Amino acid sequence: MLAVCRAQKVSDNHASLQIDWDGLAEEQQKDKVTPQIDCDPSKIHYTIENGYLFHSVPSQQQGQKWQLVIPVCFREELLKFAHDSPLSGHFGQLKTLLQLLEVAYWPSIWKDVWKYCRDCQVYQQYKPSITKLSGQLQSTPVVEPGHMLCVGLMGPFPRNTKQHEYLLVVVDYCSKWVEMFPMRTAKAHKVARVLVEEIFTHWGTPAYLVSDRGAQFTSRLLTLVCQQWGVVQKLTTAYHPQTSLTERINCTLKMMTESYVKDHHRHWDRWLPEFRFAINSAWQESTGFTPAEIALGCPLKGPLERAVPTPPRPDSPTYELLERQQELVETVKENVEKAQLKQKRNYNRKRTVEDFQEGDLVSVRAHPVSKAQEGHMAKLAARWKGPAKVCKRLGPVNYLISFLDALLVVDTFHVQNVKPFYGPGLRNTVTWMKIFILSSRGQQREKRF
């Protein structure tokens, strides 16, 4: 009985190819290719054997390989079996094409295979992308110190004796000056209190506050606080926190913390004051100065500077200090622009330009979470979800997108997390394709459609 059930399961999963071979021969006679062959003796690559029309190609292993010519009405079934079947593995265009070319042929087989694989919903949702990511680097111009602040949270860390679990990091976009505050919780009212008491009332209010889409930063409380202080909130796009400068600072802080805490992870906040001093007194390649020189007008003096004798500097009047500070800021702007151009060149080498229009159907990158109790594993879940619709273009790389199965769900996505959605009968912007096939000599050649 077990063997019968197992055989039935295999039969269900590996469905046989449902083609009426007798009917295929009749359809070949109706196909427009066959009369052309009968009238033209030069069609030496075709032959009729046992009532079937075959196409021949050179083969290294067999010398001559014969392929059955497939009429139009049977091509969809053959494509489905060659791509969708578990025996075919939902492979990509090239592998599906080569599998079909072993036994079958028709004039538009390359184009049909490419389109069928492209439109396959399973292939679109689960297959990883091996192409360059979309979206070129977009730089934000520098205005002046304190004009734009970037804020972010690190943690949770192991709770220490002070009950701290989180670290709030604030970075000035112009000077790269860093402030960090260990916190017991990451709730919105705690974040708002730190920003008001330690940043706004100490350094002044910025024009813009950039953050990710964490619940603390999107809360109504923090929105009201920013409105009261005249601060405009800017949120990064969904699943693309690289927009915020704190992401880079967080990596630096993580590396510094790992280097000193070793195995004593509960001491993660022990050297935070020293780390802050080190970052704010270190030379920055993008600006050409230390954060302290830009924010304070003079470098920070540490034990090393105090221990090593230096010649005294004459005191300068206040107006000269202000003029020098303004000149320094202008120099910083020029240095940052040069650094941004260099970063753009390096960044854009691995990027492509993808342009979507309002109304286009797209797929959005999924970020599944494993749920052991439900038997759901993130690694086996779909990588993309769709179809979704482009509602509005917000800039060179950001789009407002809504999902067709939940029209009320509208969010902003970076073009890196968006790709075209394809399906039978749907409009797409691809006008040609490129498929590499192996010639009879084993060399790659390019074919475009």
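The values are calculated or read from the model by the stated rules, or taken from the named source; none is laboratory data. Note that the structure is predicted; figures quoted are calculated from it, not measured. When we count neighbours, we look across all protein chains shown, and the Cβ atoms used for this are built from the backbone with ideal geometry, even at glycine.
Taking into account only those residues within region 366-416 that are among the small types (Gly, Ala, Ser) and under 21 Å from residue 235 (Cβ atoms), which is surrounded by the fewest Cβ atoms within 10 Å (Cβ to Cβ)?
As a first pass, look at region 366-416 and keep what is among the small types (Gly, Ala, Ser): 366, 370, 372, 375, 378, 381-382, 386, 388, 395, 402, 406.
Filter once more, keeping what is under 21 Å from residue 235 (Cβ atoms): 366, 388, 395, 402, 406.
Numbers: 366: 16, 388: 25, 395: 11, 402: 16, 406: 9.
Checking each candidate, the answer is 406.
Can you report the number of residues in region 376-401 which are touching a residue at least 60 places away in the same chain (Cβ under 8 Å), more than 23 Å from residue 119 (Cβ to Cβ) and assigned to a loop (DSSP other than H, G, I, E, B)? Working first, answer last.
In the first step, residues of region 376-401 are kept if they are touching a residue at least 60 places away in the same chain (Cβ under 8 Å); the result is 382-386, 395-398.
Still in the running and more than 23 Å from residue 119 (Cβ to Cβ): 395-398.
Next, from what is left, pick out any that are assigned to a loop (DSSP other than H, G, I, E, B): 395-397.
Going through region 376-401 one residue at a time, the tally reaches 3.
Going through region 186-196 one residue at a time, which ones are β-branched (Val, Ile, Thr), in contact with a helix residue (DSSP H, G or I) (Cβ under 9 Å, 6 or more places away or on another chain) and surrounded by fewer than 22 Cβ atoms within 10 Å (Cβ to Cβ)? Walk me through it before giving the result.
Quick first cut of region 186-196, residues β-branched (Val, Ile, Thr) only: 191, 194, 196.
Imposing the further condition that a residue be in contact with a helix residue (DSSP H, G or I) (Cβ under 9 Å, 6 or more places away or on another chain) reduces the set to 191, 196.
Across region 186-196, the qualifying residue is only 196.
What is the number of the single condition among (1) acidic (Asp, Glu); (2) assigned to a loop (DSSP other than H, G, I, E, B); (3) modelled with pLDDT of 75 or more that residue 334 does not meet?
Failed condition: (2).
Could you check, for region 314-329, whether at least one of its residues is assigned to a helix (DSSP H, G or I), modelled with pLDDT of 85 or more and not hydroxyl-bearing (Ser, Thr, Tyr)? It would help to see each step written out before you state the result.
If we filter region 314-329 for residues that are assigned to a helix (DSSP H, G or I), which is where we start, we get 318-329.
Next, from what is left, pick out any that are modelled with pLDDT of 85 or more: none.
Among the residues of region 314-329, not one is assigned to a helix (DSSP H, G or I), modelled with pLDDT of 85 or more and not hydroxyl-bearing (Ser, Thr, Tyr), which makes the answer no.
Pairs, please: C-beta under 7 Å, at least 6 apart or cross-chain, first residue more than 28 Å from residue 210 (Cβ to Cβ) and in region 151-164, second basic (Lys, Arg)?
Short answer, once both residue conditions are applied: 158/266; 160/266; 163/184.
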